[in-house]
1. If I filter segment 40-51 for residues that are surrounded by fewer than 18 Cβ atoms within 10 Å (Cβ to Cβ), over 30 Å from Ala201 (Cβ atoms) and out of contact with any Cys (no Cβ under 7 Å at 6 or more places or on another chain), do I get at least one hit?
2. In segment 38-81, what residues are touching a strand residue (DSSP E or B) at 6+ places or on another chain (Cβ under 8 Å) and aliphatic (A, V, I, L, M)?
3. Which residue pairs have Cβ atoms under 6 Å apart, sit 6 or more places apart or on different chains, and have a first residue in segment 150-172 that is closer than 19 Å to His62 by Cβ and a second that is part of a loop (DSSP other than H, G, I, E, B) and not aromatic (Phe, Trp, Tyr)?
4. Of the residues that sit in segment 278-293 and are within 20 Å of Ala315 (Cβ to Cβ) and in contact (Cβ under 8 Å) with a residue 24 or more places away in the chain, which one is surrounded by the fewest Cβ atoms within 10 Å (Cβ to Cβ)?
5. Please report, ordered by residue number, the strands (runs of 3 or more DSSP E) entirely within segment 153-253 with at least 3 residues that are touching a Gly at 6+ places or on another chain (Cβ under 6 Å), in the same structural domain as Glu85 (by TED's automatic domain parsing) and of a type in the set (S, T, N, Q).
6. As an exercise: evaluate Gln275 against (1) over 21 Å from Glu318 (Cβ atoms); (2) without any contact (Cβ under 8 Å) to a residue 40 or more places away in the chain; (3) surrounded by 14 or more Cβ atoms within 10 Å (Cβ to Cβ); (4) under 21 Å from the mean Cα position of the chain (by Cα) and give the number of the one condition it does not meet.
7. Of everything in segment 114-133, what is in a strand (DSSP E or B) and loosely packed, with under 13 Cβ neighbours inside 10 Å? Give them in sequence order.
Amino acid sequence: MILLYLETDEAGIAETSLETVALARSLAEAGGGIAIRAVLFGGLPEGVAGQLAAHGVDEVFHVTGAGFEAFSGAAWASALQALRERTGSVVVAAGGSPRGNEVLAHLAARLDVPMAANVVSFAGLAPFVVTRQVVGGAALEEMRLDQRPALFTVAGHSWTARAAVTPGKAEWHEEAPEVAPGDLAARIVSVGQREAVRPGALKRARVVVGAGRGAGGPDGFDGVVELAELLGGALGVSRVVTSLGWRPHHEQVGQTGSRISPELYIPCGISGAIQHWAGCSSSKTILAINTDPEAPMVTKADYAVIGDMHEVVPAIVEELRRRSGA
């Protein structure tokens, strides 16, 4: 049996979690129709039961209680461990998000078994061999998971979330397990307000305009924002931009941000460090704008404009407006 830790967002089950369900369905079919069980924590948006049933989940455990309303990697792993033992699941998986990796790492430490992070595929069941992304997605590694339960997280966008041909039943169970005080030593205690965000907007965008250190500061994004709007796209930024507090984290593209696959990606003033490349390498076409002709992003791009983004981007915007008559 397969047990999945799934996450939710404002729209329902998170995209990375539905991608994890897709891999689990393939794994279940290879195992002759193994049941798929899911674990959800805390408050839930409407419609998740029907969503999970449509994607082939057979059973759902909804964990609630004082220790589970806010995220705690150790506490949530404790509940996952108890459910794993109760269901006899031989595979436990999660999406390769920061929370998914943290919860599965806690669980691996508790069970003293290895964990494979950022898995993209599997080959056979005996032995159970998975292929996973390493070095920020620049290389692939095969890893053999002989011990049970087999633990792994699924790399974002390595699988496509699709409804099942034969929907599951999504039988529902409410759970309220006890929490050891020590498991709550590290937990979220408050959440600040942030600007309204369309769930998954960056990941779904057909055009993404990127900006990096070359923006120069928090006031250097007007041009790229305008360009993104003219192209009907979204703005994505590098890690250094969010680390400096110039733009919010939900706009970050890269290994620790969103992984995108637009028709067109226009990185402006982004050097192209391997962590950023891990998030944008699936782009169909890349047009880089940079002052450095030897920057990794420029050398990997399909097209490049060598110049200052604060000169090139306004020129592109002006030409687009001229052609549209705006």
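1. no
2. Result: Ala38, Val39, Leu40, Leu44, Val48, Ala49, Leu52, Val57, Val60, Val63, Ala79, Leu80.
3. Close Cβ pairs (under 6 Å, with a partner that is part of a loop (DSSP other than H, G, I, E, B) and not aromatic (Phe, Trp, Tyr)) amount to Gly168/Gly56; Gly168/Val57; Gly168/Asp58; Lys169/Asp58; Ala170/Val57.
4. Checking each candidate, the answer is Thr291.
5. Answer list for segment 153-253: none.
6. So Gln275 meets the others, but not (2).
7. Across segment 114-133, the qualifying residue is only Ala123.
Every residue, every condition in (1) part of a strand (DSSP E or B); (2) outside the structural domain of Glu171 (by TED's automatic domain parsing); (3) touching a Ser or Thr at 6+ places or on another chain (Cβ under 8 Å), yes or no:
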{"position": "Thr16", "(1), (2), (3)": "no, no, yes"}
{"position": "Glu29", "(1), (2), (3)": "no, no, no"}
{"position": "Gly33", "(1), (2), (3)": "no, no, no"}
{"position": "Pro45", "(1), (2), (3)": "no, no, yes"}
{"position": "Ala49", "(1), (2), (3)": "no, no, no"}
{"position": "Phe61", "(1), (2), (3)": "yes, no, no"}
{"position": "Phe71", "(1), (2), (3)": "no, no, no"}
{"position": "Glu85", "(1), (2), (3)": "no, no, no"}
{"position": "Asn101", "(1), (2), (3)": "no, no, yes"}
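The values are calculated or read from the model by the stated rules, or taken from the named source; none is laboratory data. What you see is a predicted model, and the numbers here were worked out from it, not measured in a lab. Glycine gets a Cβ as well: all are built from the backbone with ideal geometry, and neighbour counts include every protein chain shown.
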